[in-house]
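> Submitted below is the structure of interest, expressed as structure tokens.
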Amino acid sequence: MVVRHQTEVQTVTTATGDSPTTEEQLVVLESTYSGVGATEVQRVVCDASGGQFGLTFLEETAFIEFDATASEIQAALEELTSITTVAVTISNGTTACL
């Protein structure tokens, strides 16, 4: 059996109101695929005017300021020992959160 890899896009959306909330979103990807790696896209939508959020990969978390630029997010993610190279694009403005 031949299984072709698919480019996958996952969307995580979060928003907070005027009162403080604690929110944790966990995206778990499990696979037994052992073929050639595929490019994966993670889309995070953030609606905040302060604070920070965390992006976790293999039990390591990069904490990102709400107003971080694409290069700041990229640097934070590449500091994780399990990530060597990552590309970050902000498609709606110039900072992480709207």
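> Which of the residues spanning the stretch 65-91 are under 15 Å from Gln42 (Cα atoms) and among the aliphatic types (A, V, I, L, M)?
Ala70, Ile73, Leu77, Ile83, Val86, Ala87, Val88, Ile90
> Can you tell me which of (1) modelled with pLDDT under 80; (2) in contact with a Cys (Cβ under 8 Å, 6 or more places away or on another chain) is the one Val28 doesn't meet?
Condition not satisfied by Val28: (2).
> Then there's this: Across the stretch 51-81, what is the number of residues that are closer than 19 Å to Asn92 by Cβ, not in a helix (DSSP H, G or I) and not acidic (Asp, Glu)?
Going through the stretch 51-81 one residue at a time, the tally reaches 8.
> Also: Could you list, ordered by first residue, the pairs with Cβ atoms under 7 Å in which the first is in the stretch 48-64 and on the phi > 0 side of the Ramachandran plot and the second is of a type outside the set (Lys, Arg) and at pLDDT below 90, at least 6 apart or interchain?
Leu58/Ser82
The values are calculated or read from the model by the stated rules, or taken from the named source; none is laboratory data. For clarity, every value in this text was computed on a predicted model and none was experimentally measured. Neighbour counts run over all protein chains shown; Cβ positions are idealised from the backbone, glycine included.
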